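> Encoded as structure tokens, here's the structure I'll be asking about.
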Amino acid sequence: ENTSLIHKMIYAFNSDELRNILGSLPNQVIFRNRESLRNHLLYLLTSSSASERHFIEQKILEVYMSRSIQLQHQNPIWRPPRPQSPDFIQPIHKIPTETTHFSHYLPFYKTVETILVPLNSELNGDSFNIEGCYYLSESTRNSIIKSWDNYKKEYKLQIILRIEQLGEKSFNERLPNNIHVSVNGSQCELPKLITSTMGTPWRNNVPIDITEYMDLRTCLQNTLKITWSNEPHIYVIGVFVVQKLPLQNILMELKNRPIIRASEKTVDSIKNLFERETDFGVNCVLTTIMDPLTNLRMKLPARGVGCIHLQCFDAIEFLRMNEQKQTWLCPICQKPVKFENLEIDEYFFNVVQSPNLSEECKNIILSKDGTWVEKTNEIRTKDQTLNNEEITISSDTD
């Protein structure tokens, strides 16, 4: 980790700073161009003895800290990034001053490296403007290049821009209004603009892939610019190198986790439902085994830990949808369902896996004792006709 940090500092130095470091070392030839200076310093780090390497690293840290102090005096409204992330340097415009963190876990992305430490956006009225430069280390650049998937025509390792709204809102459904993102002068592709007859057009809040706009051929600086306007909320922004995980990996993680709703718990919920409906003479309840997102039979019935309804949705389709939109809302009750709070229902999983279930079955009938039978068109209760409205009768999960 320390070696990676030192390398990042070296790539952030200008020619004069590199000459300053090399000039403090004995018997060194001082090159003219920046790339030669940088490569020679990197060579010395790998070829020197432990004591010599320690001396060089101390000099690098000394120059880097000196440069940070100078930047702070030149631009007092900006607090330089902490030493563990020197990639993002020398902002051209006002940059956020408060470090923070992202509240929501992205299951489809595994963070490999932090390029820009998460920062709070400071608004100028209702607008925001940030522009700055950062470098990719040679090892990071090479790892991204080698990750190219020729079949999918994309990098397995990606550089993403994350933007998340601060506040009590559980999930971020949209990006800031009128947002524009550019890297090295090229406008980045953003999620499709969604228009409606009511309200301002908006974009789904998904990580923005900026990999293809980066200079991956050299280790020269990359310039990132982000602006938005007519936006009253404060957001967290950050840039990361990530590994994009396929749906199969996420499903495997879900199936292997200890969080699962035991059959006994669902049976208790069914019994509690009938107890509450005693005065109405209800003897059986109809519920569906169809996924509300696709109207197909569920393969992996699930619900959120905080959901109180009996009906499930298909976790496979739920994850597939959120891989694209990332709203993470229960399709039945619209409550937030984070990936870490998604639980498979063992009772309904056993139902859809049962060999006694016909292929054309869409609904099952639940009895007071928690048992079930397949619903046929002829079945009716004495007091009422079973219909899909009864499916939505909810019960406590506790």
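The values are calculated or read from the model by the stated rules, or taken from the named source; none is laboratory data. Computed from a prediction, not measured in an experiment: that's the story for all the values here. FYI the Cβ positions are ideal-geometry reconstructions off the backbone, even for glycines, and counts take in every protein chain you see.
> Give me the residue from the range 195-219 that is among the hydroxyl-bearing types (S, T, Y) and crowded, with 17+ Cβ neighbours inside 10 Å and, out of that set, farthest from E323 (Cα to Cα).
Looking at residues that are among the hydroxyl-bearing types (S, T, Y) and crowded, with 17+ Cβ neighbours inside 10 Å, I get Y213.
> For the range 270-356, list the strands (runs of 3 or more DSSP E) that sit wholly inside it and hold at least 1 residues that are outside the structural domain of R174 (by the TED database), of a type in the set (K, R) and within 22 Å of the chain's Cα centre (by Cα); which are they? Break it down into steps so the answer makes sense when it comes.
Numbers: elements: 284-288, 301-304, 342-345.
Fully inside the range 270-356 and qualifying: 301-304.
Listed here are the residues, each with its yes/no results for (1) at pLDDT 75 or above; (2) loosely packed, with under 15 Cβ neighbours inside 10 Å; (3) more than 38 Å from the chain's Cα centre (by Cα).
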site	(1), (2), (3)
R19	yes, no, yes
G23	yes, yes, yes
R32	no, yes, yes
Q84	no, yes, no
D87	no, no, no
Q90	no, no, no
I95	no, no, no
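> Please identify the pairs in which a residue from the range 338-352 that is within 16 Å of L251 (Cβ to Cβ) has its Cβ atom under 8 Å from the Cβ atom of a residue that is of a type in the set (G, A, S) and assigned to a helix (DSSP H, G or I), counting only partners at least 6 apart or on another chain.
The qualifying pairs are L342/A315; I344/A315.
> Quick one: Y235 ticks every box in (1) out of contact with any helix residue (DSSP H, G or I) (no Cβ under 6 Å at 6 or more places or on another chain); (2) closer than 30 Å to D345 by Cα; (3) surrounded by 15 or more Cβ atoms within 10 Å (Cβ to Cβ) except a single one, so which number is it?
Failing condition for Y235: (2).
> Pick out the one residue from K192, K225 that is charged (D, E, K, R) and surrounded by 17 or more Cβ atoms within 10 Å (Cβ to Cβ).
Step by step, each of K192, K225 is checked, and only K225 is charged (D, E, K, R) and surrounded by 17 or more Cβ atoms within 10 Å (Cβ to Cβ).
Condition check ((1) assigned to a strand (DSSP E or B); (2) of a type in the set (S, T, Y); (3) touching a helix residue (DSSP H, G or I) at 6+ places or on another chain (Cβ under 9 Å)) across all residues:
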| position | (1), (2), (3) |
| --- | --- |
| P107 | no, no, yes |
| I115 | yes, no, yes |
| I130 | yes, no, no |
| I145 | no, no, no |
| K152 | no, no, no |
| P176 | no, no, no |
| E189 | no, no, yes |
| T200 | no, yes, no |
